[in-house]
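Engineer: One structure, pasted below without further comment.
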Amino acid sequence: MVEGGDSALWARVFAVIGRTGPREEFLRSFHAEHPAVTGDALGGGRAPDGRSSYAILADRVAGRRRILDLGCGDGVLLELPAAAPGRRLAGVDLSPDSSALARRRPALAGTGLAQARAQRLPFSDGAFDACVSHLALMLMGDAEKVVAETARVLVPGGVLACAVGGGAVGGEAYELFGSLRGAAVRRAPGTQRIPALGGRRTRSRAGLAGLLAPAGFEPPRRETVEIDLSGPAERVRAAVSGIYDVGPLAPAAVAALRADFLTGAQSLASADGRVPCGFRVHIATARRAA
């Protein structure tokens, strides 16, 4: 959950961004404050069949033994294949703080976790027969390098399975929050706005296929799943506010955003106080050609 706005901290972050890569420095700094933000936001969400987006992704590589997680965060996805015996798991993430949480998970005691860039993976050729990435590939710069490195560390016939954000379900709380958040960001000074994260090519079927083909991947198979985050208004607010561009906002702006959302959510709530909230996720699976 992002409560936002340590102004002095974010002033230092943006000063550093002026000297280094903006995307990666921002992500490290954000996850230093919120190391488990994605799992906290989406871990409790469920698709119509009862699975989380993490479980759906893990099921795409269920028959694979050596699995790499790109952007593994606090390890919530890696914990799922770790339950099966004989698996060799590894994860990379930019954030040392998120990786530290992953290392504390008993199920991941034998997992190789590294603070590393996906554009330069610290693994040998053909080290894995599957790679997963949950809402991380879409944030990465130099996507061509990421895909090429992924292909390099996969064996021929290896599988890449990734989850990419697909936006809000219309007329529900995620859409309401997105509208209010957009207005808050537009009112904020430039020093409280995040750098551009990722590129659009990973977010569309054709764009992702175009990225994967030069690295030797077959055309991806993609499906769209709606993840239900519905619940009491405050719990829904906590889930939807775990989003990057809320982080640098001033505390007063975050407080106003919270108040406006809770007011608007009242008109969406059912008689029992449940607020509908849906988030679309695209699940794409591609096989490295043999």
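Throughout, read-outs are computed from the coordinates displayed, never taken from laboratory work. As the structure is a prediction and not an experimental result, all values here were calculated from the model. Every residue, glycine among them, receives a Cβ derived from its backbone with ideal geometry; neighbour counts consider all protein chains shown.
Engineer: Please give the length that would be gained between A213 and A107 if that part of the chain were fully extended, namely 0.36 nm times their separation in residues minus their C-alpha to C-alpha distance (nm, one decimal).
Structural biologist: Additional length available on full extension: 34.7 nm.
Engineer: With Cβ to Cβ distances under 9 Å as the rule, what net charge do the other residues near I67 carry (K, R +1; D, E -1)?
Structural biologist: That works out to +3.
Engineer: Of G199, G273, G264, which has the largest mean-square fluctuation in a 10 Å C-alpha GNM of the chain?
Structural biologist: G273
Engineer: Please state the relative contact order of the chain as a whole percent: Cα pairs under 8 Å, 6+ residues apart?
Structural biologist: Values: 584 pairs, mean separation 70.9, N = 290.
Averaging sequence separation for qualifying contacts and normalising by length gives 24 percent for the chain.
Engineer: Assign one of three labels to the stretch 162-258, namely rounded, prolate or oblate, based on the Cα gyration tensor with a ≥ b ≥ c the square roots of its eigenvalues; rounded applies when a/c is under 1.5, prolate when it is not and a/b is larger than b/c, and oblate otherwise.
Structural biologist: Cα axes put the stretch 162-258 in the oblate bin.
Engineer: In whole Hz and in residue order, list the ³J(HN,Hα) couplings for the stretch 233-248 that follow from phi through the Karplus curve 6.51 cos²θ - 1.76 cosθ + 1.60, θ = phi - 60°; x for Gly and Pro.
Structural biologist: Residue by residue, the stretch 233-248 yields 4, 5, 5, 5, 4, 4, 5, 6, 7, x, 9, 4, 7, 7, x, x Hz.
Engineer: Going by how many other Cβ atoms sit within 10 Å of their own, how do Y244, Y174 line up, fewest first?
Structural biologist: Exposure proxy ranking, most exposed first: Y244, Y174.
Engineer: Counting pairs of alpha carbon atoms under 8 Å apart in space and at least six apart in sequence, what relative contact order in percent does the stretch 109-156 give?
Structural biologist: It comes to 53 percent, rounded to a whole number.
Engineer: Using a Gaussian network model of the chain whose springs link C-alpha atoms within less than 10 Å, name the residue from A83, A213, A107 with the highest mean-square fluctuation.
Structural biologist: A83
Engineer: In what order do R104, R193, R258 fall by count of nearby beta-carbon atoms within 10 Å, going from fewest to most?
Structural biologist: R104, R193, R258
Engineer: A further question on this structure: Rounded if a/c is under 1.5, else prolate if a/b beats b/c, else oblate: with a ≥ b ≥ c from the C-alpha gyration tensor eigenvalues square-rooted, which is the stretch 219-263?
Structural biologist: oblate
Engineer: State whether the stretch 7-287 is rounded, prolate or oblate according to the following rule on the C-alpha gyration tensor (a ≥ b ≥ c being the square roots of its eigenvalues): a/c under 1.5 gives rounded; otherwise a/b larger than b/c gives prolate, and the remaining case gives oblate.
Structural biologist: The shape class here is prolate.
Engineer: For the stretch 213-255 and the stretch 157-206, what is the centre-to-centre distance using only Cα atoms, to the nearest Å?
Structural biologist: Each part's Cα centre sits 7 Å from the other's.
Engineer: Going by C-beta contacts inside 10 Å, put V236, V225, V92 in order with the fewest on the left.
Structural biologist: Numbers: V236 26, V225 18, V92 22.
Fewest to most other Cβ atoms nearby, the residues stand as V225, V92, V236.
Engineer: Is there a quick way to get the dipole size of the chain? I mean about its Cα centre, with the Cβ of Lys and Arg at +1 and of Asp and Glu at -1; what is the value in debye to the nearest 20?
Structural biologist: That gives the chain a dipole magnitude of about 660 debye.
Engineer: Which percent, nearest 5, of DSSP beta bridges in the stretch 7-287 are antiparallel?
Structural biologist: Given both bridge residues lie in the stretch 7-287, the antiparallel proportion sits at roughly 55 percent.
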